Amino acid sequence: MHSMSQNTPITASTAHFQSIFDHALKAYKKQTKCDLITHPLAVQFQSCDSPTAVMAMLQTQVHEFNQSKGSNEKWNKWLSPTINVLYAFSATLGEGVGLVFSPAKVIFAGIGVLLLAAKDVSSSQDALGNLFERIENFFKRLETYTEVPQTTAMTDIIVKIMVEVLCILAIATKDIKQGSASESVHRKTHMVTHSYLEKYLKRLAGRADIEDALGRLDKLTHDEVLMATAQILKLSHIVDSKVTSVDDKVKVIIDHGKEVKVFMQQTSNTVDQVKRNQLRQDLQRWLSPPDPSTNHNIARGTHHTGTASWFFEGSTFKDWKSSGSLLWVHGKPGSGKSILCSTIIQDIELMCEAGLASMAYFYFDFRDTTKQDLHNLLPSLLIQLSAMSDPCCDILSRMYSAHKNGMRHPSDQVLIKCLKEMTSLPNQEPIYIIMDALDECSNTSGMPTPREQVLDLIKNLIGLSLPNLRICVTSRPEIDIRSSLEPLTPLHVSLHDQSGQKKDIVDYVRSVVQSDTKMRRWRQEDKTLVVETLSERADGMFRWVFCQLETLRHCLPPSVR
């Protein structure tokens, strides 16, 4: 970053650039009622002599905004690329253009003002986090080019980039302040609600003026990439003026050519990845699938360490994981199917992290209407698979284009076709599709019913006989589910009948009785009685045992028996 300040000053129109910034600052003041030049934060930032000093000041604002250490680290990750690039470019503007103030430091003050405003509005972290994460993506493109000598054309782009960032900060600050004022009024009248407050925050992610500014920022950062590439190619033509011998010339030209080639490839890869990430966000917004991770996290939270080891060490699971096409795990209500499913997902995720597999999962849920049918299952599976695989993303992208870039919604049949294309891709690692609680998919209305539609999908996928496709389904042993799935596979487990399940329940009851602070006061014979009685009567149902223990723990020692 430092080398840029040592470049030869750029000849440019100081008045032109000063006029652009003056106009941007007036627009900011009109939107926010705040003068950034005279604001105390701007004065403090003017004394910062490095990106590190700027980060230190902003970390103070972030800490006030959110007390969570983990979140602070996340905010630092988002802000750091933006600060480094803006600071480096501002050094060039300050020396080469001769502006009367540092544009970047004014923008840093704008970020600080936004964080100050946001700390008084509840639930603002996610909305602002999304905004800063998107801005960060743009500036990651430019980090490499802070080492490139700047031309007048590139300086013009840099100025416009800074103006767009200031515009985005102004709009966000205005909305946050309005949200804060409205929240204050409604708290005084005891009418404040979560959804009421969130309407201000959600506007940040989708309102037209911010999206327009982000779009302009996207174009400008791509223009900067192309301009910097052209500048490096220009430098390669004058390299012979900087060497003294033929051998040196040849060596420098070869080395420089290699560097340019690598740089060009890196630039191309970076641009492609940024475009693909943006595409994935567009696909996510278009299909708007329900989030199965909420169910997954709840299930993981109730998992008792050490349980189900018998399942993962058994031949049924190993056969399915390595070569099987369908695994059906069924059990009575409360037998721990969802918890086991979450553990299966955790096991497969380790393979995914190592690049050995792809996975998509879904939890049917009778309490959530968006998680009860095929229409919501399919988008969730497609988005998850496209997030893990570029070829899958390309398939979904073609469907997006065929539907007028998201102007029209696809039918279930189109989504099924897309899923089949993804699972049928040649030369790919195993794909795991995991569905929990199929019995919570309705079977009482419709021709076919929602559950019949999902069962038909499973049959169709299994019927493709794809060697890399693995499907796992958990459910109660309902007659219609059994009659559909049993003929498709020999790999099925009746959870409540397994000896390993019964042993897990004994271990679980014993662990709770011995570790719970209230149960410790019981007599040993009462502890033994509880362990033996609950284990004997559980009939493979963890949930029943949990409910009994939840009641028993409030009993005084004399009343336990």
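The values are calculated or read from the model by the stated rules, or taken from the named source; none is laboratory data. Note that the structure is predicted; figures quoted are calculated from it, not measured. Don't worry about glycine lacking a Cβ; one is built from the backbone with ideal geometry, like all the others, and counts go over all protein chains shown. Quick note on the areas: whole protein, heavy atoms, side chains included, nothing else; ligands and nucleic acids left out. Shrake-Rupley method; radii C 1.70, N 1.55, O 1.52, S 1.80 Å.
See the values below:
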item: Inter-probe distance in nm under a simple model that places probes 7 Å from Cα toward Cβ, at residue 313 and residue 459; result: 3.9 nm
item: Sequence ranges 364-375, 549-560, ranked by mean other-Cβ count within 10 angstrom, highest first; result: 364-375, 549-560
item: Residue 80 accessible area, assembled protein chains, probe 1.4 Å, Å²; result: 40 Å²
item: Gain on full stretching of the segment that runs from residue 298 to residue 476 - 0.36 nm per residue minus C-alpha separation; result: 62.1 nm
item: Potential lengthening between residue 525 and residue 445 on full extension [0.36 nm per residue; Cα-Cα distance subtracted]; result: 23.6 nm
item: Ordering of 315-326, 426-437, 515-526 by burial proxy (mean other Cβ atoms within 10 Å per residue, highest first); result: 426-437, 315-326, 515-526
item: For region 409-561, accessible area per residue (1.4 Å probe, heavy atoms of protein chains only), Å²; result: 52 Å²
item: Amide proton proximity set for residue 493, modelled H, under 5 Å, gap of 5+; result: 328, 329, 330
